[in-house]
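*Asks:* Below you will find the structure I want to go over with you.
The values are calculated or read from the model by the stated rules, or taken from the named source; none is laboratory data. Worth saying up front: this structure is predicted, and the values here are computed from it rather than measured. Note that each Cβ is placed from the backbone with ideal geometry, even for glycine, and that neighbours are counted across all protein chains shown.
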Amino acid sequence: MNRRILLVEDDLALRTGLEDSLVQEGYTVQSAAEGVSGQRLLLSEPFDLAILDLMMPGKTGFEILRAAREAGLGLPILLLTARGDESDKVLGLELGADDYVTKPFSLRELLARVRAMLRREERHSHVEPVAPTESLYQVGPCKIDLLAFELRRDGQSHVLSVKEAAMLELLLMNRGKAISRDRFLTEVWGTQVVGNRTIDTHILNLRKKLEKDPAAPQYLLTVHGYGYRLS
């Protein structure tokens with residue numbers, strides 16, 4: 001299947017090079033040179049993945065990412081950042097980004113991450129359940145639909161990113177059992193080079209959607225020095 005990718009990057013040389021490489025990989029690429037048109041494209045056209053530069057004229061990658069998640073878009077989003085500041089990466093993950101690469105980066109690495117993100121998205125989007133209810137779960141007052149990437153709590157709908165859904169699926173399949181950070185890294189991130197901080201940030205994001213009080217969680221619990229479990 002031909003996958004559609006949105007690339008929003010203001011650097012002409014980098015945008016052209018990335019677009020050419022992605023097309024050579026067999027993807028259909030739509031690109032934008034600044035944030036306003038990039039956000040308009042993302043919110044108005046269907047894409048399988050978006051690559052967003054962080055610092056751009058018009059709107060930043062953070063603003064586009066926030067708008068996409070608030071609009072209910074669950075597609076994988078990869079951030080490009082020239083900064084080495086850890087806080088930028090953490091903020092991006094908290095806003096719902098699935099991954100990031102820091103400039104300068106290896107083109108081979110970026111293409112590998114794109115392929116991995118699309119494979120995971122396809123796996124989680126095209127699971128055929130044995131019974132119609134197998135994608136539906138209840139955790140306390142929350143109703144979770146993994147196939148729809150949706151969590152509903154107190155009458156409000158929350159969109160799950162691809163990685164949030166994958167983490168939640170792993171927790172649900174092992175309910176009551178502790179899942180180590182290493183297992184999350186292996187089964188959700190695969191070959192991507194991320195650290196425990198990424199796992200913890202995604203758990204924080206899930207708690208904001210799952211828990212009434214994320215600071216005092218009732219369901220998504222920490223197993224200190226090891227990982228997390230779903231009660």
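*Asks:* Considering each of L75, L111, L43 in turn, give the residue that is among the aliphatic types (A, V, I, L, M) and closer than 19 Å to H202 by Cβ.
*Replies:* Working: L111 fails: closer than 19 Å to H202 by Cβ; L43 fails: closer than 19 Å to H202 by Cβ.
Answer to the check: L75.
*Asks:* Consider the range 182-200. How many of its residues are under 19 Å from Y226 (Cβ atoms) and either of a type in the set (A, V, I, L, M) or modelled with pLDDT of 85 or more (or both)?
*Replies:* Step one: list which residues in the range 182-200 are under 19 Å from Y226 (Cβ atoms), which gives 182-189, 194-200.
Restricting the remaining residues to those that are either of a type in the set (A, V, I, L, M) or modelled with pLDDT of 85 or more (or both) gives 182-185, 188, 194, 199-200.
Here the count works out to 8.
*Asks:* Grab the strands (runs of 3 or more DSSP E) fully contained in the range 39-112, keeping just those with 3 or more residues being crowded, with 19+ Cβ neighbours inside 10 Å and in the same structural domain as T198 (by TED's automatic domain parsing).
*Replies:* On the way: elements: 49-53, 77-81, 99-102.
Fully inside the range 39-112 and qualifying: nothing.
*Asks:* If you go through the range 16-32, how many residues are surrounded by 16 or more Cβ atoms within 10 Å (Cβ to Cβ) and more than 22 Å from the chain's Cα centre (by Cα)?
*Replies:* 1
*Asks:* Right, here's the next one. In the range 83-112, which residues are at pLDDT 80 or above and more than 12 Å from the chain's Cα centre (by Cα)?
*Replies:* If the condition is that a residue be at pLDDT 80 or above and more than 12 Å from the chain's Cα centre (by Cα), then V101, T102, K103, P104, F105, S106, L107, R108, E109, L110, L111, A112 are the ones that fit.
*Asks:* Counting just the residues of the range 70-82 that are under 16 Å from S44 (Cβ atoms) and of a type outside the set (A, V, I, L, M), which one comes out modelled with the highest pLDDT?
*Replies:* Result: E70.
*Asks:* If you check K163, K208, K177, which single one turns out to be outside the structural domain of G96 (by TED's automatic domain parsing), among the basic types (K, R), under 23 Å from L73 (Cβ atoms) and exposed (fewer than 14 other Cβ atoms within 10 Å of the Cβ)? Talk me through it step by step, then tell me what you get.
*Replies:* Values: K163 fails: exposed (fewer than 14 other Cβ atoms within 10 Å of the Cβ); K177 fails: under 23 Å from L73 (Cβ atoms).
Result: K208 is the single residue among K163, K208, K177 that is outside the structural domain of G96 (by TED's automatic domain parsing), among the basic types (K, R), under 23 Å from L73 (Cβ atoms) and exposed (fewer than 14 other Cβ atoms within 10 Å of the Cβ).
*Asks:* Moving to a separate point now. Taking the range 163-181 only, how many residues are among the hydrophobic types (A, V, I, L, M, F, W, C) and either over 20 Å from G227 (Cβ atoms) or part of a loop (DSSP other than H, G, I, E, B) (or both)?
*Replies:* We begin by selecting, within the range 163-181, every residue among the hydrophobic types (A, V, I, L, M, F, W, C); these are 165-168, 170-173, 178-179.
Now drop any that are not either over 20 Å from G227 (Cβ atoms) or part of a loop (DSSP other than H, G, I, E, B) (or both), which leaves 178.
Selection size over the range 163-181: 1.
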